[in-house]
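Engineer: Just dropping this structure here.
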Number of protein chains: 2
Amino acid sequence: MQIKFKLWLEENGGVAFAEGRRMLLEAVDRLGSLNAAAKELGMSYRAAWGKIKATEKALGIRLLDVTTGGKGGGGATLTAEARELILKYKKFSDRMTSLMEKEFRHIFVSTKQ
Amino acid sequence: MQIKFKLWLEENGGVAFAEGRRMLLEAVDRLGSLNAAAKELGMSYRAAWGKIKATEKALGIRLLDVTTGGKGGGGATLTAEARELILKYKKFSDRMTSLMEKEFRHIFVSTKQ
DNA sequence: TCACATTATGCCTTAAACGACATAACGATG
DNA sequence: CATCGTTATGTCGTTTAAGGCATAATGTGA
């Protein structure tokens, strides 16, 4: 038996940000393009773009600075708000994962009764 | 912006227990019948029974002692294993909820940068 | 032995999340 | 000014999970 959990940020009852979107943004940061990031994560550009837009709408911030045209057709880079969001989310998520496992062991494994 | 999370116990990759099943078992304990418990939670008997069975199969334990016939048609009461599971789950869940909110405030609200 | 309220279970329908397809717009570069 | 690879977006199909319908089985009490 093992514990699993999923956490996400909400705004007005809708999912605003979670693990998948964090990975997506990190890939964009690394690759300089939303299209390339989507490919790397094995999802369609359409799906990736939709998630970004959903977060932008929910939180009322822009996540990407985009350009079209030029050598390579264009690209996308992270805004300062996006970087801050990633940082905080990662910090929070890592901390929760650690606490979760520790508490789980404490209550479900070592504890008798 | 607020944090949300869902946690559940898994066994062999399948959901074994989570909040909904805890509420269901607690209702059975209070009402003495799975049918009555399902009604109270606004779900069909079929759905409630299916969840109980799924947990029993996943964890390899019995959750309910059942009888049929007699005054009232029968009923169900919790096994000792069911009570233990509820207790541990509640303890764990409550602790996580508390930690989650505290950490969330710490990282997303009060922290600057 | 009949009635009744419960447990027990197969099966089909429906809802909703998710991703894919198609198509437009953009604009620096050559 | 044509090309190319990107961003942008509506729409539609598919898969999967959740729930409901129908029906059997149980066994005590009247």
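Each value in this text was obtained by applying a stated rule to the coordinates, not by laboratory testing. Since the structure is predicted, the reported quantities are computational estimates derived from the model, not experimental observations. FYI the Cβ positions are ideal-geometry reconstructions off the backbone, even for glycines, and counts take in every protein chain you see.
Engineer: Taking 0.36 nm per residue of separation and subtracting the Cα-Cα distance, what length does fully extending A:Leu31 through A:Phe5 add?
Structural biologist: Numbers: separation 26, 0.36 × 26 = 9.36 nm, distance 2.93 nm.
So the extension gain works out to 6.4 nm.
Engineer: Still on this structure: Take the cross-link list A:Lys6/A:Lys88; B:Lys4/B:Lys102; A:Lys57/A:Lys90; A:Lys53/B:Lys4; A:Lys90/B:Lys102 and give me the ones stretching past 18 Å between alpha-carbons.
Structural biologist: Numbers: A:Lys6/A:Lys88 16 Å; B:Lys4/B:Lys102 13 Å; A:Lys57/A:Lys90 21 Å; A:Lys53/B:Lys4 20 Å; A:Lys90/B:Lys102 16 Å.
Cα-Cα > 18 Å for A:Lys57/A:Lys90; A:Lys53/B:Lys4; rest within.
Engineer: Taking a label point 7 Å out from Cα toward Cβ, give me the nm distances from B:Gly73 to the same spot in the other copies, shortest first, one decimal.
Structural biologist: 6.2
Engineer: Angle check, please: helix B:80-104 long axis (alpha carbons) against the longest principal axis of chain B (alpha carbons), in degrees 0 to 90, nearest 10.
Structural biologist: Helix B:80-104 sits roughly 20 degrees off the main axis of chain B.
Engineer: I want the local charge near B:Gly20. Using Cβ-Cβ distances under 12 Å, sum +1 for each Lys or Arg and -1 for each Asp or Glu among the other residues.
Structural biologist: Details: positive: B:Lys6, B:Arg21, B:Arg22, B:Lys51; negative: B:Glu19, B:Glu26.
Within the 12 Å Cβ shell, the charges total +2.
Engineer: Another question, then. Counting only other residues whose beta carbon sits under 12 Å from that of A:Thr79, what net charge do I get with K and R as +1, D and E as -1?
Structural biologist: Values: positive: A:Arg62, A:Arg83; negative: A:Asp29, A:Glu56, A:Asp65, A:Glu81, A:Glu84.
Net local charge, A:Thr79 excluded: -3.
Engineer: Let me check I've understood the local charge: for B:Phe104, count other residues with C-beta under 12 angstrom from its C-beta, Lys and Arg +1, Asp and Glu -1. What total comes out?
Structural biologist: On the way: positive: A:Lys88, A:Lys91, A:Arg95, B:Lys4, B:Lys102, B:Arg105; negative: A:Glu10, B:Glu101, B:Glu103.
Summing Lys/Arg as +1 and Asp/Glu as -1 gives +3.
Engineer: Can you give the Kirkwood hydrodynamic radius of chain B from its Cα pairs, in Å with one decimal?
Structural biologist: On the way: mean 1/r = 0.0636 Å⁻¹.
About 15.7 Å for chain B.
Engineer: Cα axis of helix A:19-31 to longest principal axis of chain A: angle in degrees, 0 to 90, nearest 10?
Structural biologist: 40
Engineer: A further question follows. Per-residue mean of other chain beta-carbon atoms within 10 angstrom of the beta-carbon, peptide A:3-13? Kindly include the intermediate steps, with their values, before the conclusion.
Structural biologist: Details: counts 6, 9, 6, 5, 7, 5, 6, 4, 2, 2, 2.
Whole-number average of other-chain Cβ neighbours for A:3-13 is 5.
Engineer: Test of the criteria: in the range A:11-92, which chymotrypsin sites (Phe, Trp or Tyr not before Pro) are in a DSSP loop and have at most 16 other Cβ atoms within 10 angstrom of their Cβ?
Structural biologist: Details: sites: A:Phe17, A:Tyr45, A:Trp49, A:Tyr89, A:Phe92; in loops: none.
Here no chymotrypsin sites (Phe, Trp or Tyr not before Pro) fit, given the DSSP loop and packing criteria.
Engineer: Another question about this same structure. Rounded to two decimals, what ratio of Rg to Rh does the range A:19-63 give with C-alpha atoms and a Kirkwood Rh? Display every interim value, and only then the final one.
Structural biologist: Numbers: Rg = 9.7 Å, Rh = 10.3 Å.
A ratio of 0.94.
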